[in-house]
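The values are calculated or read from the model by the stated rules, or taken from the named source; none is laboratory data. As the structure is a computational prediction, the values presented were derived from the model and not from experiment. Neighbour counts run over all protein chains shown; Cβ positions are idealised from the backbone, glycine included.
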Amino acid sequence: MNQDACFLLGHIVKTHGTKGQVVAFFDVDYPEDYDDLESVFLEQQGRLIPFFIDSMEPQPKGRYIIRFEDIKTMEQAEALRGTSLYLPLDELPELEDDQFYFHDVIGYTVVDENHGRLGTVKEFYDLPQQQLMSMNYLDQEMLIPVMDEILLRADHEARELHVKLPEGLLEVYTQPANPDEADDADTEDEQQ
């Protein structure tokens, strides 16, 4: 299994107890959708390795106490601290027709309500303050906040992502970086 065929479920935060249990954080919107997992893939030295689950106890705020089949000691569990957890893409919950997962819309054409076709979705950044979508626009990267009122819907058949950009955002990417340079260019044109 490789990472392209999987999605990031979360990571192991710390050990729990002395018998090899770990505390994992599921970084997803609805952690309870994954209450009955039988196995997960753990990233180890750049590869995804399957780990089978003996037991899983839900905790508050998307955390779980997990006991893996072959992890029996605190030392073995400690070696897993910070490890990322992955699941195959086909285990993602089904969405409504106009909803989408980020990986689904990479390469889609971005269509704004007011400006029409703009560019192509490149990737998504998960920053601490907020998530951003990167779009290729006029041969440069344009960042768009990921918010329901901005990213409206995905048309999977047409491979389009419909958006309503905040007023002025597009202009930020079309204005010269230094307003003085634009003035200098105008002055040069006038002198010639």
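For the stretch 3-29, name all the residues that are assigned to a strand (DSSP E or B) and small (Gly, Ala, Ser).
Gly10, Ala24
Test Thr73 against the criterion of being touching a residue at least 60 places away in the same chain (Cβ under 8 Å) and either exposed (fewer than 13 other Cβ atoms within 10 Å of the Cβ) or touching a helix residue (DSSP H, G or I) at 6+ places or on another chain (Cβ under 7 Å) (or both), and give yes or no. Quick ask: steps written out before the conclusion?
Details: touching a residue at least 60 places away in the same chain (Cβ under 8 Å): no; either exposed (fewer than 13 other Cβ atoms within 10 Å of the Cβ) or touching a helix residue (DSSP H, G or I) at 6+ places or on another chain (Cβ under 7 Å) (or both): yes.
The answer is no for Thr73.
Being of a type in the set (D, E, K, R) and closer than 10 Å to Val23 by Cα is the filter; apply it to the stretch 46-68 and report the residue that is surrounded by the fewest Cβ atoms within 10 Å (Cβ to Cβ).
Of the stretch 46-68, the ones of a type in the set (D, E, K, R) are 47, 54, 57, 61, 63, 67.
Adding the requirement that they be closer than 10 Å to Val23 by Cα leaves 57, 63, 67.
Values: Glu57: 13, Arg63: 18, Arg67: 18.
In this case the residue turns out to be Glu57.
Kindly state which strands (runs of 3 or more DSSP E) lie completely within the stretch 37-87 and contain at least 1 residues that are under 12 Å from Ala24 (Cα atoms) and among the acidic types (Asp, Glu).
Qualifying strands (runs of 3 or more DSSP E): 47-58.
Go through the stretch 1-51 and give me each residue that's of a type in the set (Val, Ile, Thr), modelled with pLDDT of 90 or more and over 13 Å from Gly82 (Cβ atoms).
Result: Thr18, Val40, Ile49.
Can you find, within the stretch 134-163, the residue that is surrounded by the fewest Cβ atoms within 10 Å (Cβ to Cβ) among those that are in contact with a Lys or Arg (Cβ under 9 Å, 6 or more places away or on another chain) and assigned to a loop (DSSP other than H, G, I, E, B)?
Glu149
Restricting attention to the stretch 36-55, does a residue exist that is more than 29 Å from His103 (Cα to Cα) and free of Cβ contacts under 8 Å to residues at least 40 places away in the same chain?
yes
Kindly provide the set of residues from the stretch 94-149 that are touching a strand residue (DSSP E or B) at 6+ places or on another chain (Cβ under 9 Å) and of a type in the set (Asp, Glu), ordered by number.
Asp97, Asp98, Asp104, Asp112, Glu113, Glu123, Asp126, Glu141
Would you pick out the residues in the stretch 15-35 that are touching a residue at least 40 places away in the same chain (Cβ under 8 Å) and surrounded by fewer than 14 Cβ atoms within 10 Å (Cβ to Cβ)?
Matches in the stretch 15-35: Gly17, Thr18, Lys19, Tyr30, Asp33.
Any residue at all in the stretch 16-24 that's hydroxyl-bearing (Ser, Thr, Tyr) and closer than 30 Å to Arg153 by Cα?
no
Answer yes or no as to whether Leu95 is without any contact (Cβ under 8 Å) to a residue 60 or more places away in the chain and more than 30 Å from Arg159 (Cα to Cα).
no
Report yes if some residue within the stretch 104-121 is under 30 Å from Pro50 (Cβ atoms), without any contact (Cβ under 8 Å) to a residue 60 or more places away in the chain, of a type in the set (S, T, N, Q) and surrounded by fewer than 16 Cβ atoms within 10 Å (Cβ to Cβ); otherwise report no.
For the stretch 104-121, residues under 30 Å from Pro50 (Cβ atoms), without any contact (Cβ under 8 Å) to a residue 60 or more places away in the chain, of a type in the set (S, T, N, Q) and surrounded by fewer than 16 Cβ atoms within 10 Å (Cβ to Cβ): absent.
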